[in-house]
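Structure first, commentary second.
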Amino acid sequence: MRLELTLLVDGEAVTAVLDRPGESLLRTLRERLGRTGAKNACEQGECGSCTVLLDGEAVVSCLVATAQCEGREVRTVAGAVPGEVREAFAACGAVQCGFCTPGLLVSVADLLGRNPDPADAEIREALAGNLCRCTGYEKIIEAVHRAATARTAENTHTGAPGTRPLPPSPSPEKDPTLPHGCDSVMTEGRT
Amino acid sequence: MNTQLKDPNDVSVGRTKEMFHRPTDIEEAVSCLAAHPGAVPIAGGTDVMVGVNYRRLRPAAMIDLTGVVELREWSDEGDAIRIGAGVPYARIIDDLGGVLPGLAAASRTVGSPQIRNRGTLGGNLATASPAGDAHPPLLAAGAKVEIASTAGRRTVPAADFYTGPKRSVLAESELIAAVIVPKAAGPQQFLKVGNRGAMVISVCSFALSLDVEGRAVGAGIGSAGPTPLRATEAESIELPWDKSGPLGDETVERFGALVAEAARPIDDVRGTAAYRRHALAVCARRALLRAWKELLCDWN
Ligand SMILES: Cc1cc2nc3c(=O)[nH]c(=O)nc-3n(C[C@H](O)[C@H](O)[C@H](O)COP(=O)(O)OP(=O)(O)OC[C@H]3O[C@@H](n4cnc5c(N)ncnc54)[C@H](O)[C@@H]3O)c2cc1C
Ligand code: FES
Ligand code: FES
């Protein structure tokens, strides 16, 4: 049994060959295409660690059948997230074990694309589908505010549209003027 | 077989072209279902993929409904809105909150943003879980389900759609095409009891729909019976429609009690039958009070 299809992953056209119709996009990304940005924790839509953007909408890739994605655009954490969002997570201590982080980064990128300056309640609502067992969420919310401020500042300088994914930025340094009580610095790490 | 291999919509190669089908209109979708009995339709995948991932379901073939244009659209039919079975909750919330406030409120409580971007009314109805959140507002509003097969279309009132836990009148050869929901003719409310504020399967839920001109009450119950239920006795309660006076405590109490009586709950992991009845009475009273308050604001 073979089923072949082409999809766009993080800007690159890739071909996947499946042997059953119900294979999830998450599984295809990780196990056939070697793109391990989306994490697998529950495979039942509950945790959000596998969140990606499918044609620009946040979805849990474990519940999308890859075969539904012929010709569609998928963005994982590697291609969906502006530098300021990543930087803010690191600067605010919003990452501990890091397992939830890729999914959260994608959800935050999606949120800020729609709403450049969300209130706490809007952030909580937008991130309700992303579970984190470590941080207690407060630092994550701080990070979203920080990223929003940084993006607004960036966009005022360049006049760039709010939804444009930005290139990676250098590692953040501790900055005494950080807003929203962000005071920790994260060292580089991988999950 | 060979002729089918040339189908340009079919991405599969070799002998397995029957593994995944991508119809683009309903006629094609129902023919495909008729030609491949046992093929599993998939819309948002938020129910079906959980089964597949956990190997409870091992479909040999699937039919993708996300490419069927008619299923992805809603239209204004004058007195009612016709919502394609494949319209995701996120769009119901964004587009239909004004005309269908009850269904939109229920949609807002479904899962998470990711689930609401994908999950559909058609999937909720076909799964027919007693806990499905779309059911109570559809019952309260007197919605109808439009069903398609190679034999044509038929329309079934939501109240006759559900036949048992996860069972409905939908036959294997049929697809849900649309749901036709009368526009709100007065205040609508939806209340859901769950363990936390997001991502919960309801312990019980209640939807209320008031038709001011028709002096009619619609009441739908979720998660408190083998199927979603209409609280018919509660619906026939007398309300002071003629603005002759306030909504009396007695009326509110009685409404709550009638809704609780209409339920047929069981004890399960999410709650006991007694708790569900109690909570339903509270939800029903609260829904009526809130809806009436809204009405008084309109009147004054
Ligand atoms: C994490 C999580 C949270 C959830 N929270 C809620 C919640 O709060 N409230 C709630 O009600 N539900 C919830 N659900 C369940 C699910 O999201 C809903 O039932 C949703 O409406 C299913 O729609 P879908 O398009 O994803 O269905 P799918 O999974 O694509 O399909 C479900 C079933 O319906 C069939 N089907 C789909 N469309 C049609 C059609 N047009 N005609 C005939 N058959 C069809 C499929 O073959 C399958 O059997 C949740 C699910 C998850 C994973
Ligand atoms: S792995 Fe997809 S939501 Fe948990
Ligand atoms: S940082 Fe560990 S789960 Fe979120």
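List of remarks:
- Residue pairs whose Cβ atoms lie under 6 Å apart, sitting 6 or more positions apart in sequence or on different chains, and linking a residue in region B:43-69 that is more than 19 Å from residue A:19 (Cβ to Cβ) to a partner that is among the β-branched types (Val, Ile, Thr) and open to solvent by 60 Å² or more (accessible area, probe 1.4 Å), are B:67/B:24.
- Subset tally (residues that are surrounded by fewer than 24 Cβ atoms within 10 Å (Cβ to Cβ), in contact with a Ser or Thr (Cβ under 7 Å, 6 or more places away or on another chain) and within 11 Å of another protein chain (Cβ to nearest Cβ)) for region B:62-110: 1
- Meets criteria (touching a residue at least 60 places away in the same chain (Cβ under 8 Å), away from ligand 2 (no atom under 15 Å from the Cβ) and surrounded by fewer than 19 Cβ atoms within 10 Å (Cβ to Cβ)) for residue A:136: no
- Residue in region B:53-74 that is in contact with a helix residue (DSSP H, G or I) (Cβ under 8 Å, 6 or more places away or on another chain) and within 16 Å of ligand 2 (Cβ to nearest atom) present: yes
- Being hydroxyl-bearing (Ser, Thr, Tyr), outside the structural domain of residue A:24 (by TED's automatic domain parsing) and under 30 Å from residue B:48 (Cα atoms) is a property that holds for residue A:101.
- Filtering region B:241-270 to residues that are open to solvent by less than 30 Å² (accessible area, probe 1.4 Å), in contact (Cβ under 8 Å) with a residue 40 or more places away in the chain and over 22 Å from the mean Cα position of the chain (by Cα) leaves only B:247.
- On inspection, residue B:52 qualifies as within 20 Å of residue A:70 (Cβ to Cβ) and either more than 8 Å from every other protein chain (Cβ to nearest Cβ) or in contact with a Gly (Cβ under 9 Å, 6 or more places away or on another chain) (or both).
- Contacts under 6 angstrom Cβ, first residue in region A:86-112 being within 14 Å of chain B (Cβ to nearest Cβ), partner modelled with pLDDT of 95 or more and within 7 Å of ligand 3 (Cβ to nearest atom), 6 or more apart: A:100/A:132
- Any hit, region B:121-136, residues being more than 11 Å from the chain's Cα centre (by Cα), surrounded by fewer than 23 Cβ atoms within 10 Å (Cβ to Cβ) and either within 12 Å of ligand 1 (Cβ to nearest atom) or more than 14 Å from every other protein chain (Cβ to nearest Cβ) (or both): no
- Selection of region A:129-153 for residues being modelled with pLDDT under 95 and of a type in the set (Lys, Arg) yields only A:151.
- Checking each residue of region B:184-204 against the condition of being at negative phi, modelled with pLDDT of 95 or more, among the aliphatic types (A, V, I, L, M) and part of a helix (DSSP H, G or I) gives no match.
- Failed item, numbered, when residue B:18 is tested on (1) at pLDDT 95 or above; (2) within 14 Å of chain A (Cβ to nearest Cβ): (1)
- Candidate set from region B:271-287 (those that are open to solvent by 30 Å² or more (accessible area, probe 1.4 Å) and charged (D, E, K, R)); member that is farthest from residue B:199 (Cα to Cα): B:285
- Residues of region A:80-111 satisfying the condition of being open to solvent by 10 Å² or more (accessible area, probe 1.4 Å) and either over 28 Å from residue B:52 (Cα atoms) or away from ligand 2 (no atom under 16 Å from the Cβ) (or both): A:84, A:86, A:87, A:90, A:93, A:95, A:96, A:97, A:109
- The lone exception for residue A:86 - which of (1) in contact with a Pro (Cβ under 8 Å, 6 or more places away or on another chain); (2) not assigned by TED's automatic domain parsing to the domain that holds residue A:152 it fails: (2)
- Flag: residue A:38 matches the condition of being buried (at least 23 other Cβ atoms within 10 Å of the Cβ), in contact (Cβ under 8 Å) with a residue 12 or more places away in the chain, more than 7 Å from chain B (Cβ to nearest Cβ) and more than 6 Å from ligand 2 (Cβ to nearest atom).
- Restricting region B:191-218 to residues that are open to solvent by less than 30 Å² (accessible area, probe 1.4 Å) and touching a Leu at 6+ places or on another chain (Cβ under 8 Å), the residue that is nearest to residue B:272 (Cα to Cα): B:204
- Failed criterion for residue A:142 (all others in (1) in contact with a strand residue (DSSP E or B) (Cβ under 8 Å, 6 or more places away or on another chain); (2) free of Cβ contacts under 8 Å to residues at least 60 places away in the same chain; (3) more than 16 Å from ligand 1 (Cβ to nearest atom); (4) of a type outside the set (Lys, Arg) hold): (1)
- Residue check, residue B:294 at pLDDT below 95, surrounded by 13 or more Cβ atoms within 10 Å (Cβ to Cβ) and closer than 24 Å to residue B:183 by Cα: yes
- Any hit, region A:1-18, residues being within 16 Å of ligand 1 (Cβ to nearest atom), in a strand (DSSP E or B) and more than 7 Å from chain B (Cβ to nearest Cβ): no
- For region A:46-79, the candidate set comprises residues that are more than 9 Å from every other protein chain (Cβ to nearest Cβ), aliphatic (A, V, I, L, M) and open to solvent by less than 10 Å² (accessible area, probe 1.4 Å); within that set, the residue that is farthest from residue A:7 (Cα to Cα) is A:52.
The values are calculated or read from the model by the stated rules, or taken from the named source; none is laboratory data. Please read these numbers as outputs of a predicted model, since none were measured by experiment. As a convention, Cβ positions derive from the backbone with ideal geometry for all residues, glycine included, and neighbour counts pool all protein chains shown. SASA here: full protein model, heavy atoms, side chains in, ligands and nucleic acids out. Shrake-Rupley method; radii C 1.70, N 1.55, O 1.52, S 1.80 Å.
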